[in-house]
Amino acid sequence: MPTPPRGSRGAELASRSFEPEALTTARQLRGLRKNELARKVDLTPAAVSQYELGQSRPSATVVAQLAMALGVPATFFATGHPHPTVPSAAHFRSLRATTQLQRDQAVAFGKIVWRLVTTVEHYVELPPAALPRLALPAEPSRADIAAVARDARDAMGVPSGPIPHVTRLLEAHGAVVLELPAMSKRVDAFSHWYGSRPLVFRNPAKNDKARSRFDAAHEAGHLVMHLDAEPGSRIVENQAHDFAAEFLMPSAEILAELPHRLDWEALYGLKRRWGTSLKALVYRAHALGAFRDTTYKRAMMMLSQHGDPEPCDLGPREAPLLLEKAVRLCEETGVSFDDLVSRSGLPFELANEVYATATMTRPRLALDPSEESEKSVTPEVLTLFPS
């Protein structure tokens, strides 16, 4: 991949081979409406619309102004960079709580991620996208959803028992898992097929292993079942929840392990074994008939009164690895991250933000084991709720 030109040469190149979709992506990424961008570059909203529709082409001077206003290199707007086909609308967990502008911004960030991933794929062969796509009946029941979840486990080669690492399972089947950037903090979680590559975004505020596993399984349900479904409906979200419950806790296996009374010690043990939250286990026990309505309501009320984080912490959320490992492989073969950024046509700050959302690597503190700690740390007491 040749390194694109910079400066005035880049603006001239972008003017001659202007890609309308790139302007839309950059504008949405910055959370701007067309009239807001028009004011920034002293254009009319109609002119911006014509550029985005491909009805006219901006001059090199206007390209330079657009690039400066949107914080991207001029070559970002040149043809030659891949743009993903978007087969369906993205599935947002909190559709009603987010504006269209915020959803557009999140989807645009996904397109930026896809551009960097596609650049990386010129040098590293990523796992092929092998998530199954399974059809649902016209009006699926919970039993139908459970059957699809079991079929998905089989198709993905998941043995019986708990899934050790849900995020790693999705990555092994070609999904790119990332955290949502700060610009999208009002968005909960969402997933989307970008071309043939699925992307899953999680909210970094949920630094909880059990919740991150359920979120990943929930988004897997959308990717597996809902390619053609209209996003945002409560029915579709409930289907993804039911998929995640069966995917993580198959009824044929967990039913015999569930208590039939409110036994918190037993639920703590199941939380550690299956890697799911106490709320998910209580809901599962009720859905499978192990808990009566009164037991379920009492358990949920106690968990609600306790608040977050709930008892029996499993540690920080599951960390993605795919993109981080791919970039490291590029560097080992002589292609630096700077090279990847330059060849993608992205600004370094934005590419670096993408990379940061794909890794949770943190610096390690090295301690001298011969030094005695001032205080001993006692393990968490797991009897917050008496049976």
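The values are calculated or read from the model by the stated rules, or taken from the named source; none is laboratory data. These numbers were taken from a predicted model, which means no experiment stands behind them. Here the Cβ positions follow ideal geometry from the backbone for every residue, glycine too, while neighbour counts run over all protein chains shown. SASA here: full protein model, heavy atoms, side chains in, ligands and nucleic acids out. Shrake-Rupley method; radii C 1.70, N 1.55, O 1.52, S 1.80 Å.
The accessible surface of the stretch 228-343, taken with every protein chain in place and a 1.4 Å probe, is 51 percent carbon and sulfur.
Helix 278-287 axis versus longest C-alpha principal axis of the chain: approximately 70°, rounded to the nearest ten. Each of H122, T98, L278 was scored by the projection of its Cα onto the charge dipole of the chain, and the greatest displacement toward the positive side belongs to T98; charges sit on the C-beta of Lys, Arg, Asp and Glu.
Taking a Cβ cut-off of under 15 Å around F291, the surrounding Lys, Arg, Asp and Glu residues balance to a net charge of +3, with basic ones at +1 and acidic ones at -1.
Taking all protein chains into account, the per residue accessible area for the chain stands at 48 Å² (1.4 Å probe).
Note: the chain, Cα convex hull, 179 Å³ per residue. Compared with the dominant principal axis of the Cα atoms in the chain, helix 7-16 is inclined by about 90°.
The Cβ shell under 13 Å around D208 holds other residues with a net charge of +3, Lys and Arg each +1, Asp and Glu each -1. For the chain, the Cβ-based charge dipole about the Cα centre amounts to some 880 debye (Lys, Arg positive; Asp, Glu negative; other atoms uncharged). Using only Cα atoms, find the angle between the long axis of helix 20-29 and the longest principal axis of the chain, and express it within 0 to 90 degrees, rounded to the nearest 10. The helix 20-29 is inclined about 50 degrees to the chain. With the highest mean first, a sort of the peptides 233-243, 120-130 on other beta-carbon atoms found within 10 angstrom per residue produces 233-243, 120-130. Structure note, pairs K206/K271; K209/K271; K209/K297; K111/K325: Cα-Cα distances above 22 angstrom occur for K209/K297.
Between the listed residues A189, Y355, L329, the Cα displaced farthest toward the positive end of the dipole of the chain, a dipole computed from Cβ unit charges relative to the Cα centre, is found at A189. A Cβ-based charge dipole, computed about the Cα centre of the stretch 221-292 with Lys and Arg at +1 and Asp and Glu at -1, lands at about 360 debye.
Couplings 3J(HN,Hα) for the stretch 164-176, derived from phi with the Karplus relation 6.51 cos²θ - 1.76 cosθ + 1.60 (θ = phi - 60°), are x, 8, 5, 4, 5, 4, 5, 5, 5, 9, x, 7, 9 Hz, where x marks Gly and Pro.
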